[in-house]
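Chemist: This is the structure I want to talk about, given as structure tokens.
The values are calculated or read from the model by the stated rules, or taken from the named source; none is laboratory data. Since this is a predicted model, take the numbers as computed values, not measurements. Because the Cβ atoms are built from the backbone with ideal geometry, glycine has one as well, and the counts that use them run over all protein chains shown.
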Amino acid sequence: MFEGPFEDRLAIRELIESYGDAVTQRDVDAWAACWAEDSRWCLPDLPGWERIEGKQTIVAEWLKMMDAFHGPRDKADACVFISTPGRISVLGDEARARTYTTEAYADSKGVTRRILSEYYDKFVKQDGRWLFSERSWRMLPIEDAAALSADAKSR
Amino acid sequence: MSFEGPAEDRLAIRELVAAYGDAVTRNDAEGWGALWAEESVWCMPDFPGWEMMKGRNTIVSTWIEAMKNYSLNINVQTLGAVVVAGDTATGRAYTDELVTDATGATYRVSGRYDDEYVKQDGRWLFRSRMFKVLHSG
């Protein structure tokens, strides 16, 4: 379900897409600009990254994650990150969404892998701009989840 | 680059990009051709012989030939950025494609289009698209 003012729904959809674009472009400034200062990033499927608080910490942990999974920092396009919202509800200066993502990248053997996942998102509008106040990520079951998990552990 | 410009233009460009994927998926040459400006450019540097096509007629005839290499191309395109400046705009779009090629092989392609758009007679059209394969398999 999508509910709330049209311009807010469009801006939130674009924020979700800007986040994926920044991952793909490997643009840390553009990625950081998607987050509110007082935000939370929850990745319960990734030990050590279950709950990350505050924009500065979130950005520092993201850089570590990108290094761990996607090679040198100057390597744009290492991970193609595409997102589509399945629902958006706007209530004044706050909003919630559910977002589906596909991430395509090369594993440690150079084989193309794809991860499908969903985010439960919360947003806040500050100074006229929508930002993420919380993203909670969960991997969706896929055929080669065991192979992906084994590859991640080998890194 | 982010998203900038009037909301109605940003929505119309989003729909143009979605319509492109829809026309590829349905292999609809007429619908696909209607998305391009007369004086447009299509670049696919990863594909020898298709590095640069100029003009809508050439672009459409090349596309009809190119599509003969695929018995299936489910083509979904998602925006990464759009900046509108009056009657022109630039943007980035990502593709998620499931294809079966002429050899019978089925695989997925993730790619990026670097785009320029132009508004003519109230309609947004592609002025240029450059495609790059990012991941395939």
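Chemist: Please verify whether residue B:89 is more than 12 Å from chain A (Cβ to nearest Cβ), closer than 14 Å to residue B:16 by Cβ, in contact with a helix residue (DSSP H, G or I) (Cβ under 8 Å, 6 or more places away or on another chain) and not hydroxyl-bearing (Ser, Thr, Tyr), treating the condition exactly as stated.
Modeler: Numbers: more than 12 Å from chain A (Cβ to nearest Cβ): yes; closer than 14 Å to residue B:16 by Cβ: yes; in contact with a helix residue (DSSP H, G or I) (Cβ under 8 Å, 6 or more places away or on another chain): yes; not hydroxyl-bearing (Ser, Thr, Tyr): yes.
Yes: the conditions hold for residue B:89.
Chemist: Something else: Scanning segment A:92-118 for residues that are of a type in the set (A, V, I, L, M) and away from every other protein chain (no Cβ under 14 Å), which turns out nearest to residue A:19 (Cα to Cα)? Walk me through how you get there before you give the answer.
Modeler: Restricting attention to segment A:92-118, the residues satisfying the condition of being of a type in the set (A, V, I, L, M) are A:95, A:97, A:104, A:106, A:111, A:115-116.
From the residues that got through so far, the ones that are away from every other protein chain (no Cβ under 14 Å) too are A:95, A:97.
Numbers: A:95: 16, A:97: 14 Å.
My answer is A:97.
Chemist: Okay, moving on. Is there a residue being free of Cβ contacts under 8 Å to residues at least 24 places away in the same chain and assigned to a helix (DSSP H, G or I) anywhere in segment A:32-39?
Modeler: Checking segment A:32-39: not a single residue is free of Cβ contacts under 8 Å to residues at least 24 places away in the same chain and assigned to a helix (DSSP H, G or I).
Chemist: Identify, please: which residue in segment A:130-144 is within 14 Å of another protein chain (Cβ to nearest Cβ) and free of Cβ contacts under 8 Å to residues at least 40 places away in the same chain and is, among those, surrounded by the fewest Cβ atoms within 10 Å (Cβ to Cβ)? Break it down stepwise before answering.
Modeler: Of segment A:130-144, the ones within 14 Å of another protein chain (Cβ to nearest Cβ) are A:130-131, A:142-144.
Then drop every residue that is not free of Cβ contacts under 8 Å to residues at least 40 places away in the same chain, which leaves A:142-144.
Numbers: A:142: 14, A:143: 7, A:144: 13.
The qualifying residue surrounded by the fewest Cβ atoms within 10 Å (Cβ to Cβ) is A:143.
Chemist: In segment B:100-130, which residue that is out of contact with any Phe, Trp or Tyr (no Cβ under 8 Å at 6 or more places or on another chain), assigned to a strand (DSSP E or B) and within 14 Å of another protein chain (Cβ to nearest Cβ) is surrounded by the most Cβ atoms within 10 Å (Cβ to Cβ)?
Modeler: From segment B:100-130, those out of contact with any Phe, Trp or Tyr (no Cβ under 8 Å at 6 or more places or on another chain) are B:103-109, B:114, B:119-123; that's our starting set.
From what's left, assigned to a strand (DSSP E or B): B:106-109, B:114, B:119-120, B:123.
Checking the rest, the ones that are also within 14 Å of another protein chain (Cβ to nearest Cβ) come to B:106-109, B:114.
On the way: B:106: 10, B:107: 12, B:108: 17, B:109: 20, B:114: 16.
Among them, the one singled out is B:109.
Chemist: Mind checking which pairs have a first residue in segment A:6-28 that is facing chain B (nearest Cβ under 8 Å) and a second that is in a helix (DSSP H, G or I), Cβ under 6 Å, 6 or more apart or different chains?
Modeler: Between residues of segment A:6-28 that are facing chain B (nearest Cβ under 8 Å) and residues that are in a helix (DSSP H, G or I), the close pairs are A:7/B:7; A:10/B:7.
Chemist: Okay, moving on. Count, please, the residues in segment B:7-35 that happen to be hydrophobic (A, V, I, L, M, F, W, C), in contact (Cβ under 8 Å) with a residue 12 or more places away in the chain and either more than 12 Å from residue B:123 (Cα to Cα) or surrounded by fewer than 15 Cβ atoms within 10 Å (Cβ to Cβ) (or both).
Modeler: Summing the residues that are hydrophobic (A, V, I, L, M, F, W, C), in contact (Cβ under 8 Å) with a residue 12 or more places away in the chain and either more than 12 Å from residue B:123 (Cα to Cα) or surrounded by fewer than 15 Cβ atoms within 10 Å (Cβ to Cβ) (or both) in segment B:7-35 gives 7.
Chemist: Considering (1) more than 14 Å from chain B (Cβ to nearest Cβ); (2) assigned to a loop (DSSP other than H, G, I, E, B); (3) within 23 Å of residue A:106 (Cβ to Cβ); (4) more than 15 Å from the chain's Cα centre (by Cα), say which one residue A:48 fails and leave the rest.
Modeler: Just one mismatch for residue A:48, condition (3).
Chemist: May I pose another question? Of all residues being in contact with a Ser or Thr (Cβ under 8 Å, 6 or more places away or on another chain) and acidic (Asp, Glu) in segment B:115-137, which is farthest from residue A:101 (Cα to Cα)? Just the residue, please.
Modeler: B:116
Chemist: Further question on the same structure: Can you confirm whether residue A:18 is modelled with pLDDT of 95 or more and either part of a strand (DSSP E or B) or charged (D, E, K, R) (or both)? Show your work before the answer.
Modeler: Details: modelled with pLDDT of 95 or more: yes; either part of a strand (DSSP E or B) or charged (D, E, K, R) (or both): no.
Considered against the rule, which asks whether it is modelled with pLDDT of 95 or more and either part of a strand (DSSP E or B) or charged (D, E, K, R) (or both), residue A:18 comes out as no.
Chemist: Checking residue A:1 against (1) surrounded by fewer than 17 Cβ atoms within 10 Å (Cβ to Cβ); (2) more than 30 Å from residue B:6 (Cβ to Cβ), which test does it fail?
Modeler: Among (1) surrounded by fewer than 17 Cβ atoms within 10 Å (Cβ to Cβ); (2) more than 30 Å from residue B:6 (Cβ to Cβ), the lone unmet condition for residue A:1 is (2).
Chemist: Of all residues in segment B:36-66, how many are surrounded by 16 or more Cβ atoms within 10 Å (Cβ to Cβ), touching a residue at least 60 places away in the same chain (Cβ under 8 Å) and farther than 15 Å from residue B:127 by Cβ?
Modeler: Qualifying residue count for the region: 1.
Chemist: Restricting attention to segment B:64-86, which residues are over 15 Å from residue B:25 (Cβ atoms) and either within 14 Å of chain A (Cβ to nearest Cβ) or in contact with an Asp or Glu (Cβ under 9 Å, 6 or more places away or on another chain) (or both)? Please lay out each step first, then the result.
Modeler: So in segment B:64-86, the residues over 15 Å from residue B:25 (Cβ atoms) come out as B:64-65, B:68-69, B:79-86.
B:69, B:79, B:80, B:81, B:82, B:83, B:84, B:85, listed by residue number.
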